[in-house]
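The next block holds one structure in the form of structure tokens; read it before the comments.
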Amino acid sequence: MGVLAERNRTVDLKEIKAIIDLMKKNSLSEFELEEKEFKIKLKRPIGHVVGPAVTPVDDPELTAFAALSRQASQAAAAPASAPALAPGSGDAEIKSPMIGTFYRTPSPDAAPYVDVGSEVGPDTVVCIIEAMKVMNEIKAETRGVITAIVAENGKPVEFGQTLFKIRPL
């Protein structure tokens, strides 16, 4: 199946991430796709990812997608590393790697992934961020204890916004 099956279907973030992974795996520096009234062009120097350049054609749905994909590409371009230390404290911050809606639980009737006082490891899922109807699990990426939950459940978050504070172990 092509990236675009029909005019009303947009590329989702998983498809962009899959293309970026293929580019990395095959050491490609450019990828371009044009179908009907949609064009996506990805460029990266060998070694790290540079965000995709998305060029929609007067379609409000595609324009909204372009903004989301730019945010996602910034997240993809940022190397995975331990959360940054919060200024003036010994706590680090777990920040949002994308824009979307923050959820503390995997479903409305489930228990939260973590609470204040929860001990987490690098692979511990701490929340979900929904972007374009795709649920993205966010991991702690470091060992520590959650000291604060900053983002509000069910509310929008921005790229780089602090979600949690964590005391590194």
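Which count do you get for residues in region 98-138 that are among the polar types (S, T, N, Q) and either closer than 19 Å to F159 by Cβ or in contact (Cβ under 8 Å) with a residue 24 or more places away in the chain (or both)?
Of the residues in region 98-138, 4 are among the polar types (S, T, N, Q) and either closer than 19 Å to F159 by Cβ or in contact (Cβ under 8 Å) with a residue 24 or more places away in the chain (or both).
When you go through (1) touching a Phe, Trp or Tyr at 6+ places or on another chain (Cβ under 7 Å); (2) modelled with pLDDT of 95 or more one by one for Q71, which number turns out not to apply?
Condition (2) is where Q71 drops out.
Given region 100-143, what strands (runs of 3 or more DSSP E) lie entirely inside it while holding 1 or more residues that are touching a Ser or Thr at 6+ places or on another chain (Cβ under 7 Å)?
Counting at least 1 such residues, we get 125-131, 134-139.
Would you point out the residue of region 125-146, among those that are of a type outside the set (A, V, I, L, M) and surrounded by 18 or more Cβ atoms within 10 Å (Cβ to Cβ), that is farthest from S96 (Cα to Cα)?
The residue in question is G144.
The values are calculated or read from the model by the stated rules, or taken from the named source; none is laboratory data. Computed from a predicted structure; not experimentally measured. No Cβ is skipped: glycine too gets one built from the backbone with ideal geometry, and neighbour counts run over all protein chains shown.
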